[in-house]
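See structure below.
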Amino acid sequence: MKDLLRRGEAYVVMDWADVLPKATRVEWEFWSNSNDMCGAVCDVQKEFIKEFVPAARELDDGNWTSFTPHYIVWVCPPAYRDSDECKSQCTHHGRYCTPDPDGSIEKGYSGADIVAENLRQLCVSKLAAAAGKPWVWWDYVTRFGEECTMAAGKYGPECGERIFAAVGGGKDWGSLADLHACVGDVRADADNALMEAEMARQRGGGDTGEVYILPTLRINKRQYRGKLAYADVLRAICAALTAPSPPKVCTHTAGDSACRPGSAGFAACAARTDGKTKCRESLAGYDCECGSGYIAHTDPNGRETCLNINECVSTAAAQLDPACTCDRCACKDTPGGYECLPAVADECASNHGGCWHAEYTVRGKRRDVSACHDRIAEYRDAAAHGRLTDGFPLSECRCPPCFRPVKAGSGKLECVPKCDLDYCDEPTGVCSAAGGGAGGGARPVWTVGFAVLAALAAVAGGGYLAYVIRLKAAMKAEVMSIMRQYMPLEGSEGAGGAGVGGGGGGV
């Protein structure tokens, strides 16, 4: 077997099927620590948490598993609780401790800082689980590990509470007051219920062994003795699950695929900016191809590129998110997708946007006329075609169609009617002659109508006269043609110049 492995001719997988207890709903625990200065152990732990988030969420959402995070606790012997070492590395007057992260109690972060953050993360898990969102612990721990590092000097309650709010705390679940009440006073000389429960769970009992290695996993109360890696842990959890149709994440490809969520291939493709955001398995491991919201295109040189699909202009409005298509909404094109911009402000609805406005009587009704022009149409067009910029003006001051601008002493735009508003076409701003508009005198409407009718009558009469004349000429020509068939007419060919009745007389 060793020779086969050395030559790469064998593939060995540890099968947990006969080792771990079975259950229709797997209970598993992860014992860790919020310290990020413990070298390779901390790095492996942080990487595992970051990679396992998608799988943990799918398993929790489908009620396949019940997950509980835990933190290893050390204690300070009662006789030494007043020592500088215990004061630096413990909370609650020496009851709950963890080793100093940098080995120096005089500088840097202390063990007490780590215990306090461990307790805060336990409270995050408790509050999120009570709200039916147990996966939030994974989101919190992942972001805290990335943004609140000791190396950057950001480790502590201030950064922790910012992450708490960023993952929905105080909005979708819990509140900051709930978090403070759960953590309590870490300097108090009193027991903390959560930390006491951690210590009891850590000691184990019966079939549950004691936890003394960091990090440690328990699956159905049995300690997991494998590698702390995504595929290995997932395989162990799935082996402990008895279900006729296991969750999708428990398939072999889901566990070992180079393109699974959280893997290096998945992350590398998702981070690309050329549209090749979809991870596809290949013989080399994985390839990145055009993802959702893009279409593959091959240029004349044979190079494949990804063209962005503009959903805002190419998709029927009924198929877009309703938050993009309401009266005061806009659809903004983004690479690989689109963004809805709901509740676009109507500046003209508030004091006419600061523009000129006045009241006029038009056809017996009072009208409020404003120079404020709402630019929602231009805003939508700019957003849909990627031309929307910060500070895009949502309104502008310009005179309405039946008005013209005049200079005001204040420099502010003012408007006056082009003509009598009763005779102005509001949509086009065209004035009729009766309104005294440009290009005509102020004549009554009936006069203009009479003139038009008179002109039409003259044209019709002239046409009728021409018709009568043409009809008479045609009749005369026809009569002459009939008479030539029976007698020679004067001037006709062969008549010798003689007409009927002799002497050159005409008919």
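Each value in this text was obtained by applying a stated rule to the coordinates, not by laboratory testing. The model shown is predicted, which means the values in this text are computed figures rather than measured ones. Using ideal geometry, Cβ is built from the backbone for each residue, glycine included, and neighbour counts are taken over all protein chains shown.
List of remarks:
- For Trp356, the amide hydrogen comes within under 5 Å of the amide hydrogens of Ala371, counting only partners 5 or more places away or on other chains and with H modelled in the peptide plane.
- Three-way shape call for region 323-435 based on the alpha-carbon gyration tensor, with the a/c threshold at 1.5: prolate
- Here each label is just a point 7 Å from Cα along the line to Cβ, and for Thr361 and Ala323 those points are 5.0 nm apart.
- Backbone phi angles across region 75-80, fed through the Karplus curve with coefficients 6.51, -1.76 and 1.60 (θ = phi - 60°), yield HN-Hα couplings of 10, 9, x, x, 5, 10 Hz in residue order; Gly and Pro are listed as x.
- Residue-by-residue Karplus 3J(HN,Hα) for region 238-247, coefficients 6.51, -1.76, 1.60, Hz, glycine and proline x: 5, 5, 7, 9, 9, 8, x, 10, x, x
- Relative contact order computed over region 15-222 (Cα-Cα under 8 Å; 6+ residues apart), in percent: 29 percent
- Annotation for region 1-92: chymotrypsin sites (Phe, Trp or Tyr not before Pro) lying in DSSP loop with at most 14 further Cβ atoms inside 10 Å of their Cβ are Tyr11.
- Candidate lysines for bridging to Lys22, where Cα separation is under 19 Å - those fewer than 8 sequence places away on the same chain excluded: Lys221, Lys248
- Phi to ³J(HN,Hα) by Karplus 6.51 cos²θ - 1.76 cosθ + 1.60 over region 26-41, Hz, x for Gly, Pro: 6, 9, 9, 10, 10, 9, 9, 7, 7, 4, 10, 10, 9, x, 4, 4
- Spin-label pair Met1/Glu339, simplified geometry with 7 Å Cα→Cβ offset, distance in nm: 5.6 nm
- Each label point was placed 7 Å from the Cα along the Cα-to-Cβ direction; for Asn301 and Lys171 their separation is 4.4 nm.
- Kirkwood hydrodynamic radius over Cα pairs of region 136-196, then Stokes diffusion coefficient at 37 °C and 0.692 mPa s, in µm²/s: 258 µm²/s
- For region 323-435, the tally of Lys pairs with Cα-Cα distances below 29 Å comes to 4, considering only residues 8 or more apart or on different chains.
- The orientation-averaged projection of the convex hull spanning the C-alpha atoms of region 10-126 amounts to 10.6 square nanometres.
- Here's how it looks for Cys90: its modeled amide H is under 5 Å from those of Ala112, which are all 5 or more places away or on a different chain.
- For Val406, neighbours were defined as the other residues whose beta-carbon sits under 12 Å from its Cβ, and their charges (Lys and Arg +1, Asp and Glu -1) total +3.
- Cβ-based net charge around Ala229, under 9 Å, with every Lys or Arg adding one and every Asp or Glu removing one: -2
- Region 90-177: translational diffusion in µm²/s, Stokes-Einstein, Kirkwood Rh over Cα pairs, 25 °C, 0.890 mPa s: 180 µm²/s
- In this structure, Ala268 and Asn351 have a Cβ-Cβ separation that, at R0 = 45 Å, corresponds to a calculated FRET efficiency of about 0.30.
- Thr361 sits among other residues whose Cβ lies under 15 Å from its own Cβ, and their net charge, with Lys and Arg +1 and Asp and Glu -1, is -1.
- Relative contact order computed over region 323-435 (Cα-Cα under 8 Å; 6+ residues apart), in percent: 20 percent
- Close amide H partners of Tyr71, meaning residues 5 or more places away or on another chain with modelled amide H under 5 Å apart, are Ser32.
- Cross-link partners for Lys154 among the aspartates and glutamates, with Cα-Cα distance under 16 Å and sequence neighbours closer than 8 places in the same chain left out: Asp36, Asp102, Asp113, Glu117, Glu146.
- Subtracting the Cα-Cα distance of Ala130 and Arg187 from 0.36 nm times their residue separation leaves 17.9 nm of extension gain.
- Candidate lysines for bridging to Lys133, where Cα separation is under 16 Å - those fewer than 8 sequence places away on the same chain excluded: Lys171
- Long-range Cα-Cα pairs in region 15-222 (distance over 32 Å), rounded percent: 15 percent
- Here region 104-149 has an Rg and Dmax of 12.8, 42 Å, counting Cα atoms alone.
- When DSSP beta bridges are restricted to pairs lying wholly in region 15-222, around 55% turn out antiparallel.
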